[in-house]
Amino acid sequence: MDNKRLVFYKSELWIIAICTFCLQMPDLKVASIKLSELLMLLLLPFYIKEIFKSKTLLYFLAFYILLMLKTFGVNVFTHFYINEDLPLLKNPYFISVSRLIEMLACLVFCVFVINSLKLVKDPLMFIKNLLFVQIFCVGLFYIFVYLLYASHLLHTTTYDNLIVYDTSEGEMVYRLSGFYVEGGPFGLFCAFLFTLCIAFYKKLQLNIWYLIICLILVLLASSKAGYLMLALTVFVFVGLKIKHIFKSNIAKIGLFMVLGIATICVSGVIMDTYIAGMDDVEQRTALFSPGEVDPNFMLGRISATVIVPNMLKTQWLQGIGWGNYPLLRNNPQYRTFMPEVPVSMWDATGFGGMLDMIIEAGVILFLIYLFLYFRIARLINKHFEQSGYMILAYVGPLLLGVAIYFSYTWFLLGIVLYFSNTIIAGKNHTAITGVGATDLNNI
């Protein structure tokens, strides 16, 4: 990019608006239907052929169909623990179909990003514009709203409030969540933006405020996963510096060992709050009266640390089935001393896309799933100069807690597939990519 100044073309504003809606509002629902997914499904008839043109996307689609069919087979021999009526799409079999539909929406969004980059006048400027909107327009708006609550001009005592919520049951300890369900996943998204800005920092000629605002957003979200993502980004940065500055292999090995130890230590400090909360899980569980439900303790990662290992002991090969975790977590064999919860609360492990997949798919299909991501990592490493940051931005959130149906990893995959295969104005994007191809069938 020769011009540092942002240039917004009117013909591209609607594309930026759609991308922003899908990235910023993944949990916004009407009648239990996610609006971002509904929007993408409405575009499915126009983009279904494009999915079949990409080997990468076709492999994902084939895997998800195989996973659904395998789940149907597992369900035949599974006893579900459903203690109240559920909507049709959350019942066994239907929940797996719902998951497949969600992934179809993600594939459509990926194709939408690819096609948008083909249509815009300057793809790099378009990405810079999109990052500007996410960080300076939406991000600063979130910070402004948070300041209104912090200065007590606005007030809430509820946990499910939009943008900012109270984590202290009325004592006004606020946490930023944007339009995500809570601060954890929102902070991880902001850390993803930070890593993406690092990857494109020189090519897009970004300024330091892109990074500073992302850091502020992660801090206000109090996201442990976000902190870990930031830490990993810093360690990738230091690791790359070591690789380029030091010529001696002995020095490199020594410094990488120090870096690895520092990574483990910092990760341990960040995760200490999780561990501290889990040390006395059984004792804390005994304090609850029969029928009492504490979502912060009985749902999510804390209960999953008890339930998931028990699931893996008996279902490690075939998995529990796609989307079945909330329908099986009340099994006494799995939850042991953890209380039973109403199934309508729709518990989730909170472990993230990769770890959830091994629980639901089983070892064999999980290895196939890993191969799909290994293939994409190789593609990034081949075509992108800043491949370390790009791989981290793509895989990191999936390892740290984000669900596979969140849009932003698919947004990045769309960027990767486009720049890996496109020649614009007679020039290969050699500054970003390696040797490009002109046919989407190649990937």
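The values are calculated or read from the model by the stated rules, or taken from the named source; none is laboratory data. All values reported here derive from a predicted model rather than from experimental measurement. Note that we place each Cβ from the backbone using ideal geometry, even for glycine, and neighbour counts take in every protein chain shown.
Side notes on the structure shown:
- Tabulated pairs, the range 390-403, first within 11 Å of residue 188 (Cβ to Cβ), second of a type in the set (A, V, I, L, M, F, W, C) and part of a loop (DSSP other than H, G, I, E, B), C-beta under 7 angstrom, 6+ apart or interchain: 398/404; 401/351
- Flag if residue 403 is surrounded by fewer than 21 Cβ atoms within 10 Å (Cβ to Cβ), under 24 Å from residue 28 (Cα atoms) and modelled with pLDDT under 85: no
- The selection criterion, being crowded, with 19+ Cβ neighbours inside 10 Å, modelled with pLDDT of 95 or more, of a type in the set (Phe, Trp, Tyr) and touching a Gly at 6+ places or on another chain (Cβ under 7 Å), does not hold for residue 64.
- Condition check for residue 158: in contact with a strand residue (DSSP E or B) (Cβ under 6 Å, 6 or more places away or on another chain) and surrounded by fewer than 19 Cβ atoms within 10 Å (Cβ to Cβ): no
- Scanning the range 101-155 for residues that are over 20 Å from residue 54 (Cα atoms), charged (D, E, K, R) and surrounded by fewer than 15 Cβ atoms within 10 Å (Cβ to Cβ) gives a single hit, 121.
- Checked against the criterion of being within 26 Å of the chain's Cα centre (by Cα) and under 30 Å from residue 133 (Cβ atoms), the range 5-13 has at least one qualifying residue.
- For the range 50-78, filtering for residues that are in contact (Cβ under 8 Å) with a residue 40 or more places away in the chain and within 23 Å of residue 331 (Cα to Cα) leaves 7.
- Residues of the range 306-362 satisfying the condition of being crowded, with 19+ Cβ neighbours inside 10 Å and acidic (Asp, Glu): 347, 356, 360
- Residue 88 being aliphatic (A, V, I, L, M) and more than 23 Å from the chain's Cα centre (by Cα): yes
- Residues of the range 400-412 satisfying the condition of being under 20 Å from residue 59 (Cβ atoms) and either in contact with a His (Cβ under 7 Å, 6 or more places away or on another chain) or assigned to a helix (DSSP H, G or I) (or both): 407, 409, 410, 411, 412
- Selection status of residue 211, at pLDDT 90 or above, of a type in the set (A, V, I, L, M), under 30 Å from residue 47 (Cα atoms) and crowded, with 16+ Cβ neighbours inside 10 Å: no
- Only one entry of 47, 64, 93, 59 meets the criterion of being closer than 28 Å to residue 320 by Cα and touching a Phe, Trp or Tyr at 6+ places or on another chain (Cβ under 7 Å), and that entry is 93.
- Residue within the range 102-122 that is among the aliphatic types (A, V, I, L, M) and in contact with a Ser or Thr (Cβ under 7 Å, 6 or more places away or on another chain) present: no
- In summary, residue 288 fulfils each of the numbered conditions (1) aromatic (Phe, Trp, Tyr); (2) surrounded by fewer than 16 Cβ atoms within 10 Å (Cβ to Cβ); (3) at pLDDT 85 or above with the single exception of condition (3).
- Only one of the numbered conditions (1) crowded, with 17+ Cβ neighbours inside 10 Å; (2) modelled with pLDDT under 95; (3) touching a Pro at 6+ places or on another chain (Cβ under 9 Å) is violated by residue 84, and that is (1).
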